[in-house]
Amino acid sequence: MAAAAFHQAIGTLQSRGCVSNSSGLNRENGNASFRLISKGFKLDIALLRRETYCSRKRSFGIIQALASQTTIFDPISSPSDGTKSDTKKKSNEAALILIRHGESMWNEKNLFTGCVDVPLTKKGVEEAIEAGKRISNIPVDMIYTSALIRAQMTAMLAMTEHRRKKVPIIVHNESEQARAWSQIFSEETKKQCIPVVTAWQLNERMYGELQGLNKQETADRYGKEQVHEWRRSYDIPPPNGESLEMCAERAVAYFKEYIEPQLLSGKNVMIAAHGNSLRSIIMYLDKLTSQEVISLELSTGIPMLYIFKEGRFIRRGSPVAPNEAGVYAYTKRLAQYRQKLDEMLQS
Ligand SMILES: O=C(O)[C@H](O)COP(=O)(O)O
C-alpha cells in the first residue's frame with residue numbers, strides 16, 4: 001500500500017520534471033533513490049533520503065507533499081512593501097530565505113576553502129543573479145551574510161534582481177567612527193534600504209589544515225572514507241579545524257540570538273552563507289539528528305524558503321523560477337505581495 005503511494009508520488013514528481021525516470025524505491029532497504037533534474041530540489045531530496053532512515057511511511061508523506069507543493073497555501077502577513085509594519089508586528093509570521101554562495105574560485109579548483117576569503121567565479125556570479133531572480137518577488141527586510149566576500153557578493157548580486165528595488169546597505173558597527181560615518185540622514189531614503197549585517201559567526205566552518213588542499217588529492221592521500229568523515233560527519237573535526245558541531249555552536253547561537261528575534265517581529269530575512277554554516281542552521285530548523293545531517297548537501301546559489309509561523313519553521317523548498325506560479329503560491333500573503341508589486345510597478 002505504502003509502496004503504491006510512493007510510486008504514485010514519484011510518478012507525479014516525474015511528470016513535473018523534478019526527478020528522472022530512474023528514480024525509485026529500493027524494496028530491500030526502504031531507501032528512495034533519486035536522480036535530480038531540477039537542482040532546486042536537491043535539498044528536499046537529500047532530506048528525503050535521510051527521512052527513510054527513520055520512517056519509510058513518513059518519507060512517502062514528504063514525497064507526496066513535494067509532489068503537491070504548488071497547491072499549498074498558507075497566509076504570511078508581512079509583505080515588505082514598506083507600508084505594513086503594524087500588521088507585520090502583530091503577525092509573527094515571516095519569510096526566511098537561505099542561500100549558499102555561488103561557485104567560488106576555489107570551488108572551481110576543488111580546493112578546501114573554509115575561512116579563506118575567496119571571491120566568486122563568473123559562474124558563481126551568474127548563479128547569484130539566477131538566485132536573485134528566483135526570489136525576486138519574496139519580500140526581504142533584513143539581510144545577514146558571513147564576513148566572507150563570496151557570501152556578500154552573492155547577497156548583493158541576488159538583490160540586483162529584486163523587484164522591490166530597495167538598496168542593500170552594509171551596516172558598519174565595528175567602531176563608533178564607522179557607525180557615525182555611515183549614517184543616513186533621510187528617513188525616506190532609509191525606508192528604501194535593506195540593512196545587511198555581516199557576521200563572522202555565519203562563516204564557513206574553519207577547515208583547519210585542509211584549507212587550500214585539493215579535495216581529490218586529499219582523498220587519494222588519506223582515503224575517501226577519512227575525507228568523507230572530515231567533510232560530512234557531525235562531530236569529527238578536520239585536523240586543527242572545526243567539526244560541524246563546533247561550527248553549529250557559533251552559527252546556530254548567532255541565528256537564535258540575532259536572526260530569530262527579527263523573524264519573530266515579522267521581518268523577512270535573507271541569509272547568504274556557506275555549505276556548512278547553513279547545514280548547521282538547517283539542522284536546527286528542520287530538527288535533524290547528527291546522523292541525518294550527514295546526507296544533507298547544499299548546492300551553490302540555490303535559494304531555499306522557510307516560513308516562520310507560530311514559532312515553527314516550515315520548509316517550502318526552493319523557488320524554481322521567477323515566473324513560475326508555484327513560487328508565489330507558497331503562501332497567500334506572498335501571492336498578495338507579488339500582486340501588489342505588479343500593480344505598483346505597472347503604475
Ligand atoms: O570550504 C569549502 O571547501 C566548501 O565551501 C565546503 O566544502 P565541503 O563541501 O567540503 O564541506
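The values are calculated or read from the model by the stated rules, or taken from the named source; none is laboratory data. These numbers were taken from a predicted model, which means no experiment stands behind them. As a convention, Cβ positions derive from the backbone with ideal geometry for all residues, glycine included, and neighbour counts pool all protein chains shown.
Structure summary
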| quantity | calculated |
| --- | --- |
| Some residue of the range 197-206 being within 30 Å of D342 (Cα to Cα) and touching a residue at least 40 places away in the same chain (Cβ under 8 Å) | yes |
| Lone qualifier among A253, A272 - being out of contact with any Asp or Glu (no Cβ under 7 Å at 6 or more places or on another chain), of a type in the set (G, A, S) and surrounded by 16 or more Cβ atoms within 10 Å (Cβ to Cβ) | A272 |
| Candidate set: the range 256-268, residues that are under 17 Å from the mean Cα position of the chain (by Cα) and without any contact (Cβ under 8 Å) to a residue 60 or more places away in the chain; chosen: the one surrounded by the fewest Cβ atoms within 10 Å (Cβ to Cβ) | K256 |
| Out of T198, T218, sole residue that is within 21 Å of V118 (Cα to Cα), over 24 Å from the mean Cα position of the chain (by Cα), of a type in the set (V, I, T) and modelled with pLDDT of 95 or more | T218 |
| Residue within the range 257-265 that is in contact with a Phe, Trp or Tyr (Cβ under 9 Å, 6 or more places away or on another chain), within 13 Å of the ligand (Cβ to nearest atom) and of a type in the set (D, E) present | no |
| Residue under evaluation N240, criteria (1) assigned to a loop (DSSP other than H, G, I, E, B); (2) away from the ligand (no atom under 13 Å from the Cβ); (3) surrounded by 18 or more Cβ atoms within 10 Å (Cβ to Cβ), criterion not met | (3) |
| Total residues in the range 299-334, condition modelled with pLDDT of 90 or more, among the aliphatic types (A, V, I, L, M) and closer than 25 Å to E245 by Cβ | 1 |
| Boolean, I271 is part of a helix (DSSP H, G or I), under 22 Å from P139 (Cα atoms) and touching a residue at least 60 places away in the same chain (Cβ under 8 Å) | no |
| Leading residue by the ranking (farthest from the ligand (Cβ to nearest atom)) among those in the range 111-166 that are touching a Gly at 6+ places or on another chain (Cβ under 9 Å) and among the polar types (S, T, N, Q) | T160 |
| Residues of the range 221-237 satisfying the condition of being in a helix (DSSP H, G or I), aromatic (F, W, Y) and within 27 Å of the chain's Cα centre (by Cα) | W230 |
